[in-house]
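The values are calculated or read from the model by the stated rules, or taken from the named source; none is laboratory data. Given the structure is predicted, the values throughout are model-derived calculations rather than measurements. Don't worry about glycine lacking a Cβ; one is built from the backbone with ideal geometry, like all the others, and counts go over all protein chains shown. Ligands, DNA and RNA are stripped out before the accessible areas are found, and what is left, the full protein with its side chains, is counted by its heavy atoms. Shrake-Rupley method; radii C 1.70, N 1.55, O 1.52, S 1.80 Å.
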Number of protein chains: 2
Amino acid sequence: MNTKRSLGLLLCSAIAMNAGAQSLQAIQPVSFSQVQITDSFWRPRMQTVSKVTVPVCIDQTEVKTPRIRNFEKVARHDGEKHEGIYFDDSDVYKALEAIAYSLKTYPDPAVEKKADEWIDKIAAAQQPDGYLNTFYTLNAPDKRWTDMEKHEDYCAGHLFEAAVAYYNTTGKKKLLQVATRFADHIDSTFRVPNRPWVSGHEEIELALVKLYKTTHQQKYLDLANWFIQQRGKGHGRGVIWDNWKNADYCQDSLPVEQQRQITGHAVRAMYLYTGVADVGAARNDEAYMNAMKAVWEDVVYRNMYITGGIGSSGHNEGFTTDYDLPNADAYCETCASVGMVFWNQRMNGLTGSSKYIDVLERSLYNGALDGLSLSGDRFFYGNPLASGGQHARQEWFGTACCPSNIARLIASLGDYVYGKSAQDIWVNLFVGSNTSIPLKNGAVQLQQQTGYPWTGDVKITVSPKRSQEFPLHIRIPGWAQQQPVPGATYFYNDHSDAAFTLTVNGTPVKYDMEDGYAVIKRSWKKNDVVHLQLPMEVRKVQAIDSIKQDRNRISLQRGPLVYCVEHADNAGDISNIILPANTVFTAAYDPSLLNGVVTLKGEVPVVKVAANGESVTTTQQTITAIPYFSWANRGKGQMEIWLPEKITSVNIKP
Amino acid sequence: MNTKRSLGLLLCSAIAMNAGAQSLQAIQPVSFSQVQITDSFWRPRMQTVSKVTVPVCIDQTEVKTPRIRNFEKVARHDGEKHEGIYFDDSDVYKALEAIAYSLKTYPDPAVEKKADEWIDKIAAAQQPDGYLNTFYTLNAPDKRWTDMEKHEDYCAGHLFEAAVAYYNTTGKKKLLQVATRFADHIDSTFRVPNRPWVSGHEEIELALVKLYKTTHQQKYLDLANWFIQQRGKGHGRGVIWDNWKNADYCQDSLPVEQQRQITGHAVRAMYLYTGVADVGAARNDEAYMNAMKAVWEDVVYRNMYITGGIGSSGHNEGFTTDYDLPNADAYCETCASVGMVFWNQRMNGLTGSSKYIDVLERSLYNGALDGLSLSGDRFFYGNPLASGGQHARQEWFGTACCPSNIARLIASLGDYVYGKSAQDIWVNLFVGSNTSIPLKNGAVQLQQQTGYPWTGDVKITVSPKRSQEFPLHIRIPGWAQQQPVPGATYFYNDHSDAAFTLTVNGTPVKYDMEDGYAVIKRSWKKNDVVHLQLPMEVRKVQAIDSIKQDRNRISLQRGPLVYCVEHADNAGDISNIILPANTVFTAAYDPSLLNGVVTLKGEVPVVKVAANGESVTTTQQTITAIPYFSWANRGKGQMEIWLPEKITSVNIKP
């Protein structure tokens, strides 16, 4: 979208403030706590998270690892040492946050009791001055805040997020009080003259904004901004990370408002930029906004996978050079895709443009969702785009950031479906759900029913309490507008005449396209039914030539889903499949496969090796593609997203 | 061979001492200065080295780079700084050494005048106390001998080698005097109490032994041993290499006599072990011998390429883990293969076993010779065993160790052909040549005529001054004995009934096989003609399963030469060739190809891609293999030594 228009929208919408927050956001998200998910795709996944993933997180956090025990040791004061890694507290908080969201959809007294127990233990480990970190308190209380790379503030951030989530679901304030006491300690410790502190792993910035929006205390917003302002001034120092060896690694080479390029650790970058977009919106900071727009383009146009995954290298868990996007070796940490969802939501709120939701949806349905097995108890840390059979989801990880991260994302899906301002409603995601949105002229009930992402049918029943006129902005995904995939890094190699259709009460309706949304402005009355039909053809995607790993390759996409070809559906060997550009694919829902998925089937040439290993032939064979997120649920084996359009040469494997 | 027999031979031969040297070597090499090369394979290469490579080295050393200028600056005393890399002096010395050998075969007054000029400049740069190093003298005279990793002793070693070589060719002593003054300075500097010094790049040890053998001064042998004894005691320290971070890298983890495994930088290891074998022989040190035998087995049985190249990784220019022998990514530094020639010569001398010459020959004709272009003016630093087309020999290198190293090796080929003791003669290499070997009972003229390595015919005319009985040991290469290639790492997958034949004056002769040699003990008279016929079939070699990169692959060998399949003879694409084990190859000499080589031609299945890139077929096609050493002389392109015996799968390249 045009930057000037975006800024225009932002300024026009400046009056759409959240109660109490001095925000200039274009779009305010509607909280998960106000959205009831009824969706046939997502609700079973949220149930799995509630019934399987959350119990796994609880078991790992409390029983199988010493994470909760560290808190108990602090309370016992008997000289025991910390066990585990110095940032393990954060996993407790993220598990609690996942529990909080999950309890909203699936109340469970036993789980809530467990959460309350944990909260008691956390509170008991808080020091009299508000400080809370089991690693330092047990092992080196005199070394607090001496090493910027030891994640004390990162753990604090996750505490704040958990506290806000648990309060929003349960109304209970105990953890929120722990959080604000710790935040006050941090505020008084750092916001004094000559006390620089550059967070080695950003997170606290976005968390302080949540604390600010929940408590309406300006100091937390100011402290979030203080943390952002520390960066890029040469203050970064670490003990384990002598002299902050690579400032790019944690986005500390330039002041944030001067940053234009994505560098370093992908998750750190996503968390920072989520916080920057939050603070930029709340403070109406144009420098932050411009920085974020430029960095976003650098991510999405030059450094993002077709799956919405980012951070191609495991070496730095992050970015390398532009267009360096290896497939089998892709790192694409689950947490980084989760971070893409966070950041893009904020960018959408900041600018009003749907292009950020396009990317959010890409990361959510592909790169992030892939992090969790269908069973809910196996996790990918990295999410490769191709496999020779070496990859499998794991039960848990030493550094256990990803499991609770994907759990909290799915459990909080309600946060991403709708947006609002004082007199506008936005439908961002197509997820079966009910909500009530309080506009200036009265609340509006919305009921969304859809078979998305398997079908393109979306029915939205709009029921204002009293008839009222307001603009309803319905996102038309980029892929449904014959537009290039974001940033023209990826593009459709076929032309599609199929277009979306939009009716109200069965009659085609006038709408304006604004910032990627179809905007229907009319006087809405109870039970008006908006019917959106999105074209769900199978699209063939190619990458620009700069991405050398994808040259002469095609990937398949249908709706928001990126597809892959996996061993289990294709006789094991998929390295021998050719996918000519004119191949016709048929989409069909298979309820018995992978908990129900739409598969794509097409007849393509496949190279076959003779039994004696001394000759090859090509035969036509029907191949089956499945949604990328659903791979690796049937054992190890080959997988590819990008299939060769043609052969330039063959490499014989002996 | 059996270790006990080897040791037995060693002790029996203890009386076979070099004049003046207290050596217990089984076999003494006959010096290049006593051997006139007439060979049709090697003499043209020696001529190329003399007429092309040596002038390139002179031009690079004196004109294109500041290597000679650094010596001039030292003499000028006017505060100029050193240019280039701190070890650049060594390239001057190695160029001088190559010149020295080359002048023996191709006398050239202009080149000798240039060498004398350089020697004057080197002598003028020597400090009053004997110290000689342009880097420290120009840049930091007060920092001499403070950093074990800065190659002062390495440069000294190359000075000593050049001095000995130049003296042996010309009889001129000036450089030898510079060398002994510097050696005396080093001796008096270090062989004092509590003055540890671990050479960061070994070389001085073997060079001091040469100085000892030339001057007969025991102190140089003692100093060589002192350097060896410094290792493995935790003394290693470097400034650029803080705290000697990885002692394995330079063979400093254990005392040398306790070493059993090959580690670290391949060239450093080869130079050290050459010196250790030298010192071990001269001092009759069984601990050194046992260490060297064990380390040799570790190199040859687990860490050597079929080309005789070693050091698979460019990361450390050296060894990684056992059997880790990638082909396209092979480092195989030219200098390391040169070092293999040095070390294996010493091991043969030390033990009397031909298996070391088998390896020497393998490294010489393949891994080392590959380092030099046919034109003599292009060089490989690393010598990969496969190429996708990215590799090409270069004009020169910033670190320029390899060009002068391969030049000095080829120019000194005469050093490796014959061995002697007081009453035995050994023929180690099959190289057309004349020599006179002084046995206890009188000198013996030998004239060797052969078409080797293209033919297996070797004619040796033996002419004692007066008839005398002595054992003539003629090496029967391992590959000609239906034996496995060294150490059973590589083996022939086909059985061959072909055997070598041996006659004297046309009549089959009785011989004993001892230590890999056919030993003919008889009363020799003038013009006795020994005729050895070696079987020159094309052999198919396979690797043991532990070398995963070679699994299901076959390489071709004929005589001592490893073959490869290169783009220029095979329509560019060689990644599509299958080489079934039963393929019949025809060998034929092609005088017009690559200055004359024997090619191997066979009809094999080749995978072809259809023009539209959507199908493949297999057709029979005649492929041509060329000697590995001769590849990369016709532009960049694909090359493989190890071809797939069969296809298990194909990998489509889009």
**OP:** Of the listed pairs B:Lys173/B:Lys210; B:Lys293/B:Lys355; B:Lys51/B:Lys104; B:Lys51/B:Lys636; B:Lys210/B:Lys420; B:Lys355/B:Lys440, which have alpha-carbon separations greater than 23 Å here?
**Re:** B:Lys51/B:Lys636; B:Lys355/B:Lys440
Original post:
When only C-alpha pairs under 8 Å and at least 6 residues apart count, what is the relative contact order of segment B:65-245, in percent?
Top reply: 24 percent
Original post:
What's the FRET efficiency of A:Thr648 with A:Lys601 using the Cβ-Cβ distance as r and R₀ = 25 Å, to the nearest 0.05?
Top reply: 0.45
Subject >> Cα centroid separation - segment B:392-425 against segment A:95-160, whole Å >> reply: 68 Å
**OP:** Write down, largest first, the equivalent ellipsoid semi-axes of segment A:224-356 in whole Å, where each equals the square root of 5 times an eigenvalue of the alpha-carbon gyration tensor.
**Re:** 22, 21, 11
Original post:
Name the residues of segment A:628-646 whose accessible area falls by at least 20 Å² when all protein chains are present instead of the chain alone, probe 1.4 Å?
Top reply: A:Pro644, A:Lys646
Subject >> Positive-pole candidate from B:Asn70, B:Thr450, B:Cys332, dipole of chain B, charges at beta carbon >> reply: B:Thr450
Original post:
Percent relative contact order of segment A:29-97, based on C-alpha pairs within less than 8 angstrom and at least six residues apart?
Top reply: 28 percent
Original post:
Over the C-alpha atoms of segment B:138-272, what are the Rg and the largest Cα-to-Cα span, Dmax, in Å?
Top reply: 14.9, 44
Original post:
Dimensions of segment B:480-619 along principal axes (Cα, Å, largest first)?
Top reply: 74, 40, 21
**OP:** Ignoring ligands, DNA and RNA and using a 1.4 Å probe, state the total buried accessible area between A and B in Å², rounded to the nearest 100.
**Re:** 2800 Å²
**OP:** Using only alpha carbon positions, build the gyration tensor of the protein assembly as shown, then give the equivalent ellipsoid semi-axes as the square roots of 5 times its eigenvalues, largest first, whole angstrom.
**Re:** 72, 37, 26
Original post:
How high is the relative contact order of chain A, in percent, counting Cα pairs under 8 Å that sit 6 or more residues apart?
Top reply: 13 percent
Original post:
Based on Cα positions only, what radius of gyration and what Dmax would you give for segment A:285-402, in angstroms?
Top reply: 14.6, 48
Subject >> At 7 Å out from Cα toward Cβ: A:Asp322 inter-copy label distances (nm, ascending) >> reply: 4.9
Original post:
What's the carbon and sulfur percent of segment B:538-644's accessible surface, probe 1.4 angstrom, rounded to a whole number?
Top reply: 47 percent
Original post:
Ignoring any ligand, DNA or RNA, what whole percent of the accessible area of segment A:281-345 comes from carbon and sulfur when the probe is 1.4 angstrom?
Top reply: 40 percent
Original post:
Of the beta bridges DSSP finds with both residues in chain B, what % are antiparallel, to the nearest 5?
Top reply: 95 percent
Subject >> Size of charge dipole - segment B:538-644 - debye, nearest 20, with Cβ of Lys, Arg +1 and Asp, Glu -1, no other charges >> reply: 240 debye
Original post:
Under 20 Å from the 7 Å Cα→Cβ point of A:Thr507, by amide nitrogen: which residues of segment A:437-465?
Top reply: A:459-464
Original post:
Dividing the Cα radius of gyration by the Kirkwood radius, what Rg/Rh value follows for chain B?
Top reply: 0.97
Subject >> Dipole of segment B:538-644 [Lys/Arg +1, Asp/Glu -1 at C-beta], most positive-end residue of B:Val565, B:Val606, B:Ser555 >> reply: B:Ser555
Original post:
How much length is gained on full extension from B:Ser375 to B:Glu83, taking 0.36 nm per residue of separation minus their Cα-Cα distance?
Top reply: 102.1 nm
**OP:** Run the quick spin-label model on B:Arg466 and B:Lys174: label points 7 Å from Cα toward the beta carbon, then report their separation in nm to one decimal.
**Re:** 4.5 nm
Subject >> Shortest-first nm distances, A:Asn284 label point to equivalent points in other copies (7 Å, Cα→Cβ) >> reply: 9.8
Original post:
Using a simple spin-label model with points 7 Å from Cα along the Cα→Cβ vector, what separation in nm is obtained for A:Lys64 and A:Ser523?
Top reply: 6.0 nm
**OP:** With a 1.4 Å probe and every protein chain left in place, work out the accessible area per residue of segment A:54-111 in Å², rounded to a whole number.
**Re:** 37 Å²
**OP:** Specify which residue in the list B:Val300, A:Phe319, A:Leu579 is farthest towards the positive end of the charge dipole of the protein assembly as shown, using unit charges on the beta carbon of Lys, Arg (+1) and Asp, Glu (-1), about the Cα centre.
**Re:** A:Leu579
Original post:
So, in nm, how far is label A:Lys51 from label A:Lys440 when the simple model puts each one 7 Å beyond its Cα toward the Cβ?
Top reply: 4.6 nm
Subject >> Charged-residue dipole, Cβ positions (Lys, Arg, Asp, Glu), segment B:419-533 about Cα centre, Debye nearest 20 >> reply: 680 debye
Original post:
Give me the log10 of I(q) over I(0) for segment A:419-533 at q = 0.13, 0.14, 0.20 Å⁻¹, as the Debye formula computes it from C-alpha points; what are the numbers?
Top reply: -0.51, -0.58, -1.10
Subject >> Globularity index of segment B:538-644, i.e. its alpha-carbon radius of gyration over 2.2 N^0.38 Å >> reply: 1.08
Subject >> Inter-copy label distances at A:Val529 (7 Å, Cα→Cβ; nm, one decimal) >> reply: 10.8
Subject >> Cα centre as origin, Lys/Arg/Asp/Glu Cβ charges: the protein assembly as shown dipole, Debye >> reply: 240 debye
Subject >> Euclidean distance of C-alpha centroids, segment A:252-291 and segment A:514-591, integer Å >> reply: 31 Å
Original post:
With each run of n ≥ 4 DSSP H residues scored as -39500 (n - 2.57), what mean residue ellipticity at 222 nm is computed for the protein assembly as shown after dividing by its residue count and rounding to the nearest 500 deg cm²/dmol?
Top reply: -10000 deg cm²/dmol
Original post:
segment B:527-566: which residues show an accessible-area loss of 20 Å² or more, assembly versus chain alone, 1.4 Å probe?
Top reply: B:Arg553
Original post:
Averaged over all directions, how much area does the convex hull of the C-alpha atoms of segment B:65-245 cover when projected, in nm²?
Top reply: 10.4 nm²
Subject >> Cα centroid separation - segment A:460-480 against segment B:601-651, whole Å >> reply: 62 Å
Subject >> Semi-axes of the equivalent ellipsoid for segment A:39-170, Cα gyration tensor, largest first, Å >> reply: 28, 14, 13
Original post:
If you take the Cα atoms of segment A:97-167, find Rg, then find the Kirkwood Rh from the mean of 1/r over all pairs, what is Rg/Rh?
Top reply: 1.05
Original post:
Which peptide among B:489-499, A:336-346 comes first, and what is the full order, when sorted by highest mean count of other Cβ atoms within 10 Å?
Top reply: A:336-346, B:489-499
**OP:** Give me the net charge of A:His567's neighbourhood, meaning all other residues with Cβ under 12 Å from the Cβ of A:His567; Lys, Arg count +1, Asp, Glu -1.
**Re:** -2
